[in-house]
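J.: My questions all concern the structure below.
The values are calculated or read from the model by the stated rules, or taken from the named source; none is laboratory data. Computed from a predicted model, the values in this text were never measured in an experiment. For neighbour counting, all protein chains shown are included, and Cβ atoms are generated from backbone atoms with ideal geometry for every residue, glycine included. Accessible surface areas use protein heavy atoms only, side chains included; no ligands, DNA or RNA. Shrake-Rupley method; radii C 1.70, N 1.55, O 1.52, S 1.80 Å.
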Amino acid sequence: MEKNGFVDVSSILSGCYTGEKVRIRGWLDNMRSSGGIHFFLVRDGTGIIQCTMKKGKVDNEKFEEARKLTQESTLELTGTVQEDRRAPGGYEIRIEDMNIIHLAEEGYPIAKKYHGPEFLLDHRHLWIRSEKMQKILRVRAKFLEAAREWFQLNGYTEFHSPTLITAACEGGSTLFTVKYFNTEAYLSQSWQLYAEAAIASLGKIYTVAPSFRAEKSRTRRHLTEYWHLEAEAAWCDLECIMKVQEDLLAHVFNALSERVPRELESLGRPPEELARMMPPFERISYDEVVDILAKKKVKFNWGDDLGWTEEQKLTEEFDKPFFVTHFPTGVKAFYHKPDPARQSVTLSADLLAPEGYGEITGGGQRIDDLEELLRRIEEEGLNPKDYEWYIDLRRYGSVPHSGFGLGVERVIAWLCKLNHIRDAIAFPRLINRVYP
Ligand code: 4AD
Ligand code: MG
């Protein structure tokens, strides 16, 4: 694509300009010189391409000027595109003219050598330029693009809820408190309670927004601020909301395989693997989980919540995502609808990713009956005053309804085979990190 006479590296790499004279602009990722040739690797945000500058083919002054170029300097280059198998990406530009826009300072902190994770987190503002981060961030963007597409194609309306709230959705232990003038407010853990209000206005809705959890534990799958893809639908039961997740993920897997195959491949997730992980996803009940874990000699009693250790063990039994349904009432938040056929369990479902990743979505059917909601609020020791507006929803036009929340970074970490969730987001927020 051409912008003000400049072309994108990605379109050069897809063969659109072979033999043609082009102008590009970008960052100098790397440079070396050999004999009378400078080899540049130039990155423009769409791709990276080798450019060669030959003595005698450019003004001598420019050739000498190029010697002082430092890593991450920004440039405009004019040259002719050649197919070249030896070049990374298969194409190179033979430079005819160069214009230096910014000569970067010497000593770019991220050298082409090994750096420890803390160093890279401290220099995240620069590390996001790395090839690996570029790929992850692109997959992430395409994931959300495809997810939004699915919601739009299926009659869902995007809806936004407040971030500053007063009633906890997922329990008090992970709430962040913020000073709100002369009083206190919390940061939202989920849009859900507001979404339940909004379905009476819009029917089927979704959002993509940050959620906050004051997670006190250091784990490889918890952020304190994460992006939450959530959906809520009127007239939808547990089975219906599981089907929504399956259809959504089928669309997303197909889109990713088509739109970012090279990125996935080089992150260690060839698109064929996504094809293999297509829905339908198996459904196992919490009761069955208890049996499976007992067989695997994992200490786990009926009524315990699934933690990461148990989930990791459980994922050994599956090679694609699977639902765990009907969690005990005691381990789920107050709004989960107890199963009318068996009050000790809820109409809930978590989706777990294979390969040790575990929970990627949580959701299910909500309580729609006023008395039942009041009872559950009381049983959980919550103050009904805090939930007055939410309780009202069961007074005026209550409907059976369900929803779910998907942790964007959890899914990206799994799809991109990351060791730690922090790399699924540009600037991770962790128990010990809010900088940069
Ligand atoms: O299971 P959770 O707590 O469910 C809810 O918040 C529901 N109100 C969602 C809904 O029904 N609308 O969170 C949903 C998902 C989890 O399955 C997980 O993928 C992700 O959010 N998640 C986190 N991701 C990163 N860091 C954390 N600390 C997370 N906590 C939850
Ligand atoms: Mg959960």
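J.: Tell me, what HN-Hα J-couplings in whole Hz come from the Karplus equation 6.51 cos²θ - 1.76 cosθ + 1.60 at θ = phi - 60° for each residue of the stretch 230-247, using x for Gly and Pro?
T.: 10, 9, 9, 9, 6, 6, 10, 9, 4, 4, 4, 6, 5, 5, 4, 5, 5, 5
J.: Greater than 26 Å separation of Cα atoms is the criterion. Which listed pairs, Lys216/Lys313; Lys68/Lys142; Lys299/Lys332; Lys295/Lys320; Lys135/Lys216; Lys132/Lys204, meet it?
T.: In this structure, Lys68/Lys142; Lys135/Lys216; Lys132/Lys204 lie more than 26 Å apart at Cα.
J.: Further question: Considering all projection directions equally, how large on average is the shadow of the alpha-carbon convex hull of the chain, in square nanometres?
T.: 25.1 nm²
J.: Rounded, prolate or oblate, given the Cα gyration tensor of the stretch 332-372, with a/c below 1.5 counting as rounded?
T.: prolate
J.: Then there is this: Could you order Ser73, Ser10, Ser285 by accessible surface area, starting with the largest, using a probe radius of 1.4 Å?
T.: The residues order as Ser10, Ser285, Ser73, largest area first.
J.: Based on the mean of other beta carbon atoms within 10 Å per residue, what is the order of 164-177, 421-434, most packed first?
T.: 421-434, 164-177
J.: Which Cys residues of the chain have no other Cys Cβ less than 4.7 Å away and so no disulfide-compatible partner by this rule?
T.: Result for the chain is Cys16, Cys51, Cys169, Cys416, no neighbouring Cys Cβ within the cutoff.
J.: Could you check the simple spin-label distance between Arg433 and Ala141, using points 7 Å along Cα→Cβ, in nm with one decimal?
T.: Taking the simple label geometry, Arg433 and Ala141 are separated by 2.2 nm.
J.: With a 1.4 Å probe and all protein chains left in place, how much of the accessible area of the stretch 325-418 comes from carbon and sulfur atoms, in whole percent?
T.: 49 percent
J.: What is the percent of Cα-Cα separations in the stretch 1-119 that go past 23 Å?
T.: In whole percent, the share of Cα-Cα pairs in the stretch 1-119 beyond 23 Å is 28.
J.: For the stretch 107-260, what does the equivalent ellipsoid look like in terms of its semi-axes, each the square root of 5 times an eigenvalue of the Cα gyration tensor, given largest first in whole Å?
T.: Here the semi-axes work out to 32, 25, 13 Å.
J.: Considering only protein heavy atoms, what per residue accessible area in square angstrom results for the chain with a 1.4 angstrom probe?
T.: 47 Å²
J.: Take the alpha carbon atoms of the stretch 49-105, find their radius of gyration, then divide it by 2.2 N^0.38 Å using N residues; give the quotient.
T.: Computed over Cα atoms of the stretch 49-105, the ratio equals 1.14.
J.: Shifting gears a bit: Of the peptides 359-367, 155-163, 25-33, how do they stack up when ordered by the mean number of other Cβ atoms within 10 Å, highest first?
T.: My ranking of the peptides, most packed first, is 359-367, 25-33, 155-163.
J.: How much space per residue, in cubic angstrom, does the convex hull of the C-alpha atoms of the stretch 273-361 take up?
T.: Output value, Cα hull per residue: 94 Å³.
J.: Here is a follow-up. Average the reciprocal distances over every distinct pair of alpha-carbons in the stretch 312-384, invert the result, and give the Kirkwood radius in Å.
T.: For the stretch 312-384, inverting the mean 1/r across all distinct Cα pairs yields 13.2 Å.
J.: Around Ser285, which amide H atoms from residues at least 5 apart in sequence, or from another chain, sit under 5 Å from its own amide H, with H modelled in the peptide plane?
T.: Thr325
J.: For the stretch 362-436, which semi-axes, largest first and in whole Å, follow from the square roots of 5 times the eigenvalues of its Cα gyration tensor?
T.: Value: 37, 17, 11 Å, ordered largest first.
J.: Here is a further query. What net charge is computed for the residues neighbouring Ala104, neighbours being all others with C-beta under 14 Å from the C-beta of Ala104, Lys and Arg scored +1, Asp and Glu -1?
T.: Net local charge, Ala104 excluded: -1.
J.: Which FRET efficiency value, to the nearest 0.05, is calculated for Ala341 and Val399 with the Förster distance at 22 angstrom and r the Cβ-Cβ distance?
T.: FRET efficiency, Ala341 to Val399: 0.60.
J.: Let me ask something additional. Could you work out the local net charge near Leu120, counting Lys and Arg as +1, Asp and Glu as -1, over the other residues with Cβ closer than 14 Å to its Cβ?
T.: Net local charge, Leu120 excluded: +3.
J.: So how much slack lies between Thr80 and Arg129, counting 0.36 nm per residue of separation and subtracting their Cα-Cα distance, in nm?
T.: My answer for the length gained is 15.0 nm.
J.: Calculated from DSSP H runs of 4 or more alone, at -39500 (n - 2.57) each and per residue, what is the 222 nm mean residue ellipticity of the chain, nearest 500?
T.: -8500 deg cm²/dmol
J.: Keeping the other protein chains in place, figure out the carbon and sulfur percent of the accessible area of the stretch 192-298, with a 1.4 Å probe.
T.: Roughly 53 percent of what the probe reaches on the stretch 192-298 is carbon or sulfur.
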